[in-house]
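Accompanying notes for the structure given below.
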Amino acid sequence: MLRDVDIEEISDGKFYLPDDMAPTGCGGCAGCSECCRNTGDSIILDPYDMYRLTVGIHRTFTDMIEKQIEIRLVDGLILPNLMEHDETQEDKEDGCPFLGGDGRCTIHAFRPSFCRMFPMGRYYPDPEELRQKGGQRFSGRTFVYILQKEECPGRTGTPVLLRDWLDTPDLDAYEKFAADWHDFLRTAGQKTELLTGQSADQMRRYILQVFYVQPYQTGQDFYPQYAARRKKVRETLAPVLQAQGRN
């Protein structure tokens with residue numbers, strides 16, 4: 001999800017890498033679940049999130065839709081996000097569907113990437129901005145991490161190794177995926193908005209189907225499965241865009 005904000009207003013002005021110490025300490029979130037409430041529709045899931053949820057709670061996209069997740073239009077595409085409001089339980093306080101009664105996350109081991117980063121975020125600067133910020137230190141990076149300074153009311157500021165904070169298996173592989181997925185979303189969203197109404201809707205639903213609705217093989221590594229689906233989508237959509245007179 002793209003945010004149209006001034007980076008200087010929301011961050012502490014620093015760019016972080018996984019092996020940096022970042023002031024994200026929060027005392028283990030003891031007694032606070034504020035970031036799990038009042039999230040609206042901001043916790044958007046990427047395909048790896050979908051895969052990990054499937055592995056962790058043994059439910060597919062179809063099992064979770066309109067129960068724990070919902071879909072909406074985001075930057076030109078249809079993407080799923082965690083539901084905050086449960087219309088079947090009007091008396092229930094709004095919040096993440098996986099938040100336990102004790103205020104703790106019931107899926108912490110396989111929580112979405114948005115949750116893993118918080119209050120950090122990803123920032124995709126242009127190469128010149130990276131060069132000015134750190135020269136060779138950021139060489140080859142597509143994105144860096146920023147600290148969203150006003151987002152976490154329980155943050156103590158204790159330095160934590162960012163790699164440990166992100167708590168993501170094979171972080172290097174995940175970062176390559178995240179950069180590729182970001183590029184795909186940006187490009188596909190822009191091209192989809194150039195299509196006519198019905199064609200755009202068909203493309204959006206096709207992308208949702210391939211990357212989310214179609215179950216992942218939980219006994220197999222995620223990244224080769226994603227690469228195969230990415231290739232399939234690229235090959236399938238190319239003639240559709242060409243037929244519309246666009247490349």
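For the stretch 20-72, compute Rg over Rh where Rg is the Cα radius of gyration and Rh is the Kirkwood radius from the inverse mean 1/r over Cα pairs.
Looking at the stretch 20-72, the ratio lands at 1.06.
What is the packing order of peptides 141-149, 34-42, taking the mean over residues of other C-beta atoms within 10 Å and listing the highest first?
Packing order, densest peptide first, comes out as 141-149, 34-42.
With springs only between Cα atoms under 10 Å apart, run a GNM on the chain and tell me which of GLU66, GLU175, GLU128 wobbles the most.
It is GLU128.
To the nearest 20 debye, what is the magnitude of the charge dipole of the stretch 122-247 about its Cα centre, counting +1 on the Cβ of each Lys and Arg and -1 on the Cβ of each Asp and Glu?
The calculation lands at about 320 debye.
For the stretch 120-247, with all protein chains present and a 1.4 Å probe, just round the carbon and sulfur fraction of the accessible area to a whole percent.
Roughly 48 percent, rounded to a whole number.
Compare the peptides 102-110, 180-188, 205-213 by average per-residue count of other Cβ atoms within 10 angstrom and give them in order, highest first.
So the peptides 102-110, 180-188, 205-213, ranked by packing, come out 205-213, 180-188, 102-110.
What does the convex hull of the alpha-carbon atoms of the chain project to on average, in nm²?
Mean projected area for the chain: 14.6 nm², to one decimal.
Projected onto the charge dipole of the chain (+1 at Lys/Arg Cβ, -1 at Asp/Glu Cβ, origin at the Cα centre), which of GLY103, TYR212, ALA22 gives the Cα projection farthest towards the positive end?
Of the options given, the answer is TYR212.
Which of the lysines could be linked to LYS133 by a straight reach, that is with a Cα gap under 28 Å, when you skip same-chain ones fewer than 8 residues away?
List returned: LYS14, LYS149, LYS176.
Taking the Cα centre of the chain as the origin, how large is its charge dipole in debye, to the nearest 20, when only Lys and Arg (+1) and Asp and Glu (-1) carry charge on their Cβ atoms?
Here the size comes out at about 1000 debye.
Leaving out same-chain residues fewer than 8 places away, which lysines sit with a Cα under 30 Å from that of LYS67?
By straight Cα distance, LYS67 reaches LYS92, LYS232.
Placing unit charges on C-beta atoms (Lys and Arg positive, Asp and Glu negative, everything else neutral), compute the dipole magnitude of the stretch 89-163 about its Cα centre in debye, rounded to 20.
Around 640 debye, computed over the stretch 89-163.
Within 10 Å, count the other beta carbons around each residue, average over each peptide in 217-227, 161-171, and list them highest first.
Ranked from most to least packed, the peptides come out as 161-171, 217-227.
Restricting to the chain, compute how many DSSP beta bridges are antiparallel as a %, nearest 5.
95 percent
The values are calculated or read from the model by the stated rules, or taken from the named source; none is laboratory data. Please read these numbers as outputs of a predicted model, since none were measured by experiment. When we count neighbours, we look across all protein chains shown, and the Cβ atoms used for this are built from the backbone with ideal geometry, even at glycine. When the accessible area is computed, the model is the full protein with side chains, heavy atoms only, and any ligands, DNA or RNA have been set aside. Shrake-Rupley method; radii C 1.70, N 1.55, O 1.52, S 1.80 Å.
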